[in-house]
1. Need at least 1 residues that are among the charged types (D, E, K, R) and modelled with pLDDT of 90 or more per element, so show me which helices (runs of 4 or more DSSP H) inside the range 579-690 make the cut, counting only ones lying wholly within it.
2. Working carefully through the options Gly191, Gly218, find the one that is in the same structural domain as Gly122 (by TED's automatic domain parsing) and over 21 Å from Trp236 (Cα atoms).
3. Could you check the range 334-370 and list, in sequence order, the residues that are free of Cβ contacts under 8 Å to residues at least 24 places away in the same chain and surrounded by 13 or more Cβ atoms within 10 Å (Cβ to Cβ)?
4. Are any of the residues in the range 465-480 among the charged types (D, E, K, R) and either within 30 Å of Pro506 (Cβ to Cβ) or surrounded by 15 or more Cβ atoms within 10 Å (Cβ to Cβ) (or both)?
5. I'd like to check something: does the range 447-460 contain any residue that is farther than 29 Å from Gly250 by Cα, in the same structural domain as Arg561 (by TED's automatic domain parsing) and either in contact with a strand residue (DSSP E or B) (Cβ under 7 Å, 6 or more places away or on another chain) or among the hydrophobic types (A, V, I, L, M, F, W, C) (or both)?
6. Within the range 1-58, count every residue that is of a type in the set (S, T, N, Q) and outside any loop (DSSP other than H, G, I, E, B).
7. Test Ala277 against the criterion of being out of contact with any helix residue (DSSP H, G or I) (no Cβ under 8 Å at 6 or more places or on another chain), of a type in the set (Gly, Ala, Ser) and on the phi < 0 side of the Ramachandran plot, and give yes or no.
8. Can you work out which of the residues in the range 88-128 that are surrounded by fewer than 21 Cβ atoms within 10 Å (Cβ to Cβ) and touching a helix residue (DSSP H, G or I) at 6+ places or on another chain (Cβ under 7 Å) is modelled with the lowest pLDDT?
Amino acid sequence: MKVPLGWLRDYVAVRLSPEALAKRLTMAGLEVVSIEQVDGEPVLDLEITPNRPDCLSIIGVAREVAALTGQRLKLPLAQGSGLGAWGKSQPRARNPEPRAQLAIRVEDRAGCRRYIGRLIEGVRIGSSPAWMQRRLTACGARPINNVVDITNYVLLECGQPLHAFDHHRLAEGTILVRRARANELLTTLDGIRRALSSDTLVIADARQAVAIAGIMGGTGSEVIPQTTAVLLESAWFDPLTIRRAARRLGLASESSYRFERGVDPEGVEAASARAAALIQQLAGGRQIRLLDVGAKPPKRAAIPLDAQRLCRWLGTRIDTPTIRTSLARLSCRIASAGASAPLQVFPPSFRQDLRQEVDLYEELARLIGYDRLPSTTPVGRLTGAPAEESDGSRRLQVLRCLCASLGLTEAISWALVSEADLARFGFSAGQAVKLANPLSQDHAFLRPSLAIGLMQAIRRNLTQGLAGVRLFELGAIIPPGARQERMSLGLALAGAWSRDWQRAQPCDFFRLKGLVETLVGRLYDRSCEASGAEVPWAQPGSGASLKVDGRVVGVAGQVSRAILEALDLSQEAWIAELSLDAPMAAERGRRTVEPPPTFPPVKRDLSLTVSDTTPCASIERLIRQTGGAWAGRVDLVDRYTGKPVPAGRVSLTFALEYRDPRRTLTAEEADALHRRIGQALVEQLGAQLR
């Protein structure tokens with residue numbers, strides 16, 4: 001919300017400098033994000049929280065300034081209309097020409113509780129005055145013509161959206177507030193022809209829809225240079241109805257922004273009168289009809305305020321006169337049933353956020369000043385036993401600690417992705433679950449893989465200058481073809497694993513392999529096997545399916561070059577995803593710790609060649625099966641391809657340790673076992689010993 005300081009001074013005497021005023025407002029909860037200079041005038045740019053729609057106007061901000069500084073609020077008069085001061089209940093205007101063609105009917109009273117239409121004739125369309133154009137421009141609005149500029153001016157002034165129709169372009173001079181017909185079409189003022197759904201609230205004439213209620217008007221009834229009669233609309237529309245329509249259509253406006261958050265129910269009539277007076281003054285119009293359809297808002301119930309409880313909550317002593325004075329500055333009406341009875345506080349209609357007693361506590365704290373409240377440590381007494389941590393959450397925490405101990409940093413990414421993200425990582429829109437009512441197209445689908453968010457995190461970190469990134473993420477995904485969320489663990493590596501003074505150690509396949517084997521061992525108490533597979537986001541030929549006891553538990557691979565180029569990355573990246581559903585649901589036994597061996601091992605090297613399609617895990621498993629209880633460590637220490645090794649084969653060297661936990665093995669016993677292992681490899685895997 002942009003607030004020109006000169007415009008603000010029309011309603012309240014501001015004796016503070018722009019910087020001091022900005023600080024005062026920010027400390028009171030209306031954050032001033034910047035102060036700009038527009039044509040030599042300071043303009044405050046405020047960040048208004050969703051619970052304060054009353055401050056989405058110049059007068060709303062002026063009320064706050066008056067309350068904070070103790071100044072008197074000066075409200076404008078509806079000049080030239082015979083109406084009283086702004087904000088007071090206005091008498092219903094007479095209709096000097098009752099035969100003027102105008103009919104207003106509200107079919108949907110839930111979506112529109114009140115609709116005021118003023119028919120103004122003799123309007124001369126032209127440019128608005130320079131002073132009005134300057135103020136609109138300073139607030140970011142584009143001047144159009146005097147009538148449209150007046151509606152925008154009053155919107156910015158009081159926060160009540162208005163709309164002006166060319167009365168002669170409304171069929172039969174009729175306004176009908178109804179729901180749109182199925183697939184009803186309307187070309188809005190932005191030039192886009194839109195298909196409306198049956199739950200969208202529209203303003204229609206006797207033939208068709210002419211505006212989307214509370215959001216944007218249509219081109220068929222807009223004010224044009226030839227317009228001489230204007231129907232001025234001022235209404236109260238249901239916030240939820242407007243919000244749903246705006247999200248569904250992907251259409252936002254200054255009007256919808258305010259209606260979604262709720263406008264002042266009692267400001268509908270005052271804003272209409274203010275705009276009519278300005279049209280009469282600046283466009284030469286004359287009001288000939290006024291129709292007010294719907295009920296005036298009921299009086300709000302009182303909020304009881306206990307002064308002693310207030311002091312306990314704020315941690316300081318505030319006397320009753322101070323409470324009364326402060327709330328009166330907020331336009332609250334205060335009544336009391338007695339000296340010891342709680343105060344009865346009646347909030348103003350424009351403060352719909354004041355609903356219960358604690359809301360009044362916050363208001364008093366704001367006016368007194370948060371910095372003037374004493375700092376105290378809150379004390380509370382707990383009753384009952386604390387809730388026990390679930391097994392699932394405890395296991396997730398253990399897994400977090402394990403990943404951190406392996407040198408990984410936890411990442412948390414968006415669970416919602418865009419269609420472009422899906423396509424980039426090899427998924428189609430049909431493979432992902434789409435939200436029925438997404439907030440934006442960038443967050444329209446539930447992620448089918450953690451790889452999307454992890455790669456975004458890698459890109460951000462590498463572009464910020466980190467030499468290497470090592471991440472893990474625990475989160476829910478919906479895999480392609482599934483319709484239920486599944487917990488998943490994602491690992492992502494890129495750049496340097498470490499940087500020492502001798503040489504940098506890069507992240508590579510073997511780093512990822514070691515992490516996966518460690519984590520699978522902890523999750524499943526089993527070893528992991530990898531086999532080639534097509535992974536959507538992996539470089540062709542590098543994707544692998546991870547299996548435990550023949551069941552797929554995850555995937556791994558090198559991120560494709562196409563993805564790296566799309567993210568503008570030059571370093572290779574490696575990703576693995578492990579399913580957590582089975583291990584998180586299964587009951588696992590207690591782990592046992594074996595004591596260090598007492599007797600020394602007998603060490604032997606085993607060199608052999610095998611087909612380059614033989615998994616190394618198969619060789620290690622056969623060595624352990626053949627060696628039995630005497631098979632200790634099995635480490636792959638060398639791998640070689642090329643001459644003189646024949647094509648299609650690979651040379652491997654393993655360092656083996658044989659050990660008996662009860663005694664020291666002899667060399668003859670170790671050699672005999674070594675020969676049996678070699679023979680088994682030759683017979684079962686087609687190995688050739690070297």
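The values are calculated or read from the model by the stated rules, or taken from the named source; none is laboratory data. As the structure is a prediction and not an experimental result, all values here were calculated from the model. FYI the Cβ positions are ideal-geometry reconstructions off the backbone, even for glycines, and counts take in every protein chain you see.
1. Filter on the range 579-690 gives 616-627, 667-685.
2. Gly191 is the lone residue from the list that is in the same structural domain as Gly122 (by TED's automatic domain parsing) and over 21 Å from Trp236 (Cα atoms).
3. Hits for the range 334-370 are Ile334, Ser336, Pro348, Glu362.
4. Yes; the residues of the range 465-480 include at least one that is among the charged types (D, E, K, R) and either within 30 Å of Pro506 (Cβ to Cβ) or surrounded by 15 or more Cβ atoms within 10 Å (Cβ to Cβ) (or both).
5. yes
6. Qualifying residue count, the range 1-58: 3.
7. Yes; evaluated as a whole, the condition is true for this residue.
8. Per the stated criteria, the residue is Gln90.
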